[in-house]
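What follows is a short report on a single structure.
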Amino acid sequence: MAAPKYLILVVGPTAVGKTDLCLNLAKKFNSEIISCDSRQFYREMNLGTAKPSLDELNQVPHHLINSLSIEESYDVRKFEKDALEILESLFQKNKLVIMTGGSGLFADAVVNGLDEMPAIDPKFREEIIQEFNELGLAYLQKEVAKIDPEYFQVVDQNNPQRLMRAIEVFRGTGKTFSSFRVKTKVQRDFKTIKIGLNREREELYRRIDLRMDQMIEQGLFEEAAGLFEKRHLNALQTVGYQEIFGFMEGDYDQEEAIRLLKRNSRRYAKRQLTWFRKDAEIQWFDPSEGDKVFEYIVSQIGE
């Protein structure tokens with residue numbers, strides 16, 4: 001009988017402290033880390049995605065960070081395939097692998113598989129793209145909030161591709177995107193141990209604001225300026241860049257851009273928590289409880 005294999009999934013909102021905990025766990029278990037943060041795949045996006053530092057990346061082998069260019073087309077199905085291939089390889093030498101990130105959809109794809117979505121007539125997507133070009137992101141947000149409020153609560157509301165997909169499915173089938181996200185789980189050949197990290201809300205928000213100040217000090221506005229000409233790419237439709245692009249387009253001043261960066265990052269964290277709290281299998285810890293997390297994992301794998 002083959003030895004059991006374990007995926008340690010560490011999730012939580014942005015800025016909560018996932019990186020430090022995962023580095024410590026990887027060292028204790030002599031393991032490696034896979035990122036399921038959909039914004040950290042891209043080489044050109046560094047400060048705005050809060051990637052681990054070069055020193056942190058060098059401490060433990062990491063996978064699926066800086067693995068793509070923003071020019072490349074990538075989605076959750078490709079991620080599922082890539083992550084499973086990496087896991088298969090890592091499980092040859094480790095019985096335990098760590099995966100971490102704040103993208104619930106990407107984590108779910110690896111753990112449970114993806115929902116089977118219906119085929120939609122391409123004419124609906126063409127119509128929606130035209131509406132987006134004419135009416136902007138706010139229009140898409142209002143549409144999804146109206147037709148599928150359940151999905152709107154957890155979707156990245158600044159990602160037009162995700163919003164357009166929800167509208168497309170509704171118009172093409174008459175059913176909400178949420179209604180298709182109820183499939184039975186795929187059986188994997190590994191067991192997943194789910195760890196959630198959270199802090200008191202005021203402390204989490206303080207950390208988010210502080211991290212944003214540090215990003216700006218390190219050159220976030222300059223990084224965004226270097227990507228401005230490519231702002232139409234899907235990878236850049238995200239918190240941390242869209243707010244600066246609005247400033248560069250003359251929609252508001254820099255002070256307002258910074259306020260929006262902080263506000264939207266806090267909102268993003270709230271949506272992440274909404275998603276993860278629906279999963280009863282997640283065991284929640286404060287990031288300061290690293291020893292308790294380690295003991296919990298050991299108790300689950302029977303060592």
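The values are calculated or read from the model by the stated rules, or taken from the named source; none is laboratory data. Please read all numbers here as calculations on a predicted model, not as lab measurements. Because the Cβ atoms are built from the backbone with ideal geometry, glycine has one as well, and the counts that use them run over all protein chains shown.
Find all pairs meeting these conditions: Cβ atoms under 9 angstrom apart; at least six residues apart or on different chains; first residue within the stretch 55-74 and in the same structural domain as D20 (by TED's automatic domain parsing) and farther than 24 Å from T238 by Cα; second residue among the small types (G, A, S) and in a loop (DSSP other than H, G, I, E, B).
Every condition considered, the pairs that remain are V60/S31; P61/S31.
Look through the stretch 163-190, keep the residues that are at pLDDT below 90 and not polar (S, T, N, Q), and return whichever of them is surrounded by the fewest Cβ atoms within 10 Å (Cβ to Cβ).
Top of the filtered list is V182.
Checking the structure you have, find out if any residue of the stretch 225-236 is within 30 Å of Y6 (Cβ to Cβ) and surrounded by 20 or more Cβ atoms within 10 Å (Cβ to Cβ). Please lay out each step first, then the result.
Filtering the stretch 225-236 down to residues within 30 Å of Y6 (Cβ to Cβ) leaves none.
Scanning the stretch 225-236, I find no residue that is within 30 Å of Y6 (Cβ to Cβ) and surrounded by 20 or more Cβ atoms within 10 Å (Cβ to Cβ), so the answer is no.
Could you tell me which of the residues F276, F294 is surrounded by fewer than 20 Cβ atoms within 10 Å (Cβ to Cβ) and either in the same structural domain as A107 (by TED's automatic domain parsing) or of a type in the set (S, T, N, Q) (or both)?
F294
Report every pair of residues separated by at least 6 positions or lying on different chains whose Cβ atoms are under 7 Å apart, first residue within the stretch 148-169 and under 11 Å from L137 (Cα atoms), second of a type in the set (F, W, Y) and surrounded by fewer than 20 Cβ atoms within 10 Å (Cβ to Cβ).
Correct list of pairs: P160/F132; M164/F132.
Of all residues in the stretch 1-36 being assigned to a loop (DSSP other than H, G, I, E, B) and over 13 Å from T100 (Cβ atoms), which is nearest to the chain's Cα centre (by Cα)?
The residue in question is A15.
Of all residues in the stretch 37-64 being farther than 21 Å from L105 by Cβ and assigned to a helix (DSSP H, G or I), which is nearest to the chain's Cα centre (by Cα)?
Restricting to residues being farther than 21 Å from L105 by Cβ and assigned to a helix (DSSP H, G or I), the top hit is L47.
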